[in-house]
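Reading through the structure tokens given below for one structure.
What follows draws every value from the coordinates through simple rules; no lab data is involved. These numbers were taken from a predicted model, which means no experiment stands behind them. Using ideal geometry, Cβ is built from the backbone for each residue, glycine included, and neighbour counts are taken over all protein chains shown.
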Amino acid sequence: MNTWLAALTQLERAAKVAKVSKDVLARLRVPERIVDVQFPVRMDDGSARMFHGYRVQHSSLRGPYKGGIRFHPQVDMDEVRALALWMTIKCAVADIPFGGGKGGVTVDPKQLSGGELERLSRGFVRALGPNIGPRLDVPAPDVNTNPQMMAWMVDEWRRTRARGEIAASRTSRNDGKGEWRATFTGKPVGKGGSRGREQATGYGGIVVLQEALRLRGKRWGIGAAPSVIVQGFGNVGYWAAQVAYDAGMHVVGLSDSQGGMTQAEGFNPEMVLACKREHGSLAACAGADAQRVTNEQLLETPCDVLIPAALEGAIHAKNAKRIRAKVVLELANGPVTPEAEVILAQRGIPVIPDVLANAGGVATSYFEWVQNVRNEEWSEEDVLRKLARKLRMQTREVFARATGKRTLRVAAYALALKRVAGAQQ
Ligand code: GLU
């Protein structure tokens, strides 16, 4: 099943049990607009290479389109469409005044130099042209994109598009600050980014997990110091592992795209990150007590909490019957396919869905947007406190709806659909 069909299936499953108006459902089944661009990038050898990029603007019912931009060879229209739909649902679950969008460029960024990545980032923004803006569509980082790239993108947007906006912005004379900075979130802290945004998705995931365990830990058979396995060691995976470790959980398994490692007494993620930075891959960091495993083996290793934090489709119809976790916390977008979810449900393994579990990232993007628009700077403590409060509240809302046979995903979608429908009137 491709990713778009997976997203639609999730929507339809929820619509079946939630009372949702036919009109709202009809609107969410299709994106409002798709921007499909091909643009040239000057390569280091002097040649110009064409790249294919997309921005899918799924729904603006609740506010400006919001969602990341990813650089990955697997990016295609169906993937970006699915990710955009998930953003609409996620922003509604997080209860922030944004709709849903997503962007992507089909590229293997590992093959590009720093200069090429900068020209790719800037070229994509020029190609998107007037289709993004602080009150229209606000991109952010996603897979293989980071604060530095957001800095290039916002700079390119300011250079090429923001003249009118800067003139119109009340804060324009204030050192060049102003609302135009809110066209992108996830920027570096010195360039209009929010403190706390970098760790927000991983941190938020662990806050959701802790609240979930407070509500259902006993029923799920999970004690005070759970063992966790994190698949994926990008920004989200690393921070989830680190925050889990700091909270006294045992991080018994880790992986990156090359492979993984397990260790019964647990890893210190900070030390693993330092080692990975030095040696380039995580596999090189398995000490004498650790066991090297493939990503497939990692997912099937027994633990309390399995955290897929890489790409969609990691847990699918074939491996779902071999998962030996007590609960799955989706920090990637769409890591459990709809077929796998049925199998997990039959086996009594609950899935805390992406649209709740990884909503900390976009919720903090909203805080960044507010700070930019109001020309404020909040402390990290303030940001993380606001975030934790928000996520605990929404976790309780979702769990309260997961009654009877309703999965947590259906409950989260039911909550989101109610909020989206509320915005339509
Ligand atoms: N890419 C992240 C996500 O999938 C964050 C999006 C944002 O901050 O706009 O939720």
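What to note about this one:
- Per-pair calculated FRET efficiency, R0 = 22 Å: Arg135 and Asn375 via Cβ, rounded to 0.05: 0.85
- Cα convex hull of the range 208-354, projected area averaged across orientations, nm²: 7.7
- 10 Å-binned pair-distance histogram of the range 173-238 (Cα, whole percent): 17, 33, 24, 16, 9, 2
- When Rg and the Kirkwood Rh are both derived from Cα coordinates, the Rg/Rh ratio for the range 268-390 amounts to 1.07.
- The range 20-42 and the range 182-254 have Cα centres separated by 30 Å.
- Cα-derived Rg over Rh, computed across the chain with Rh taken as Kirkwood radius: 0.95
- Convex hull of Cα atoms in the range 327-425, direction-averaged projection (nm²): 7.9
- Farthest towards the positive end of the charge dipole of the range 250-329, among the residues Ala317, Ala274, Thr301, is the Cα of Ala317, using unit charges on the Cβ of Lys, Arg, Asp and Glu.
- The relative contact order of the chain, computed from alpha carbon pairs under 8 Å that lie at least 6 residues apart in sequence, is 17 percent.
- By the count of other C-beta atoms within 10 Å, a proxy for reagent exposure, Val75, Val230 are ordered fewest to most as Val75, Val230.
- Per-pair calculated FRET efficiency, R0 = 25 Å: Arg277 and Ala423 via Cβ, rounded to 0.05: 0.05
- Cα-centred dipole magnitude for the chain, charges only on beta-carbon of K, R (+1) and D, E (-1), debye, nearest 20: 1640
- Positive end of the dipole of the chain (Cβ unit charges, origin at the Cα centre): among Tyr238, Gln111, Gly259, the Cα lying farthest that way belongs to Tyr238.
- Annotation: peptides 279-286, 204-211, ranked by per-residue average of other Cβ atoms within 10 Å with the highest first, follow the order 204-211, 279-286.
- The amide H of His72, built 1.01 Å from its N in the peptide plane, has Val105, Val107 as neighbours under 5 Å, considering only residues 5 or more places off or on other chains.
- Kirkwood radius for the range 1-159, taken over all pairs of different Cα atoms as the inverse mean of 1/r, rounds to 16.1 Å.
- Low-density loop positions, trypsin sites (Lys or Arg not before Pro), the range 305-349 - DSSP coil, at most 16 other Cβ in 10 Å: Lys318, Arg324, Arg347
- The stretch between Val30 and Ser47, if pulled fully straight at 0.36 nm per residue, gains 2.3 nm over its current Cα-Cα span.
- Site pair Lys321 and Lys386 shows an inter-label distance of 4.9 nm when each label is modelled 7 Å from Cα along Cα→Cβ.
- For the range 364-414, projected area of the alpha-carbon convex hull averaged over all directions, nm²: 4.1
- Restricting the range 303-404 to GluC sites (Glu not before Pro) that sit in a DSSP loop and have at most 14 other Cβ atoms within 10 Å of their own Cβ leaves Glu376, Glu377.
- Among Leu415, Leu331, the ranking by other beta carbons within 10 Å of each residue's beta carbon, starting with the fewest, stands as Leu415, Leu331.
- Fewest-first sequence of Thr407, Thr185, Thr9 by Cβ atoms within 10 Å of each Cβ: Thr9, Thr407, Thr185
- Within the chain, Cys91, Cys303 have no other Cys Cβ under 4.7 Å of their Cβ and so lack a disulfide-compatible partner by this rule.
- Vicinal HN-Hα couplings computed from phi for the range 296-307 (Karplus, 6.51 cos²θ - 1.76 cosθ + 1.60; Hz; Gly/Pro x): 5, 5, 4, 5, 9, 7, x, 6, 6, 10, 9, 10
- Remark: C-alpha extents of the range 71-145 on the principal axes read 39, 25, 18 Å, sorted largest to smallest.
- When DSSP beta bridges are restricted to pairs lying wholly in the chain, around 50% turn out antiparallel.
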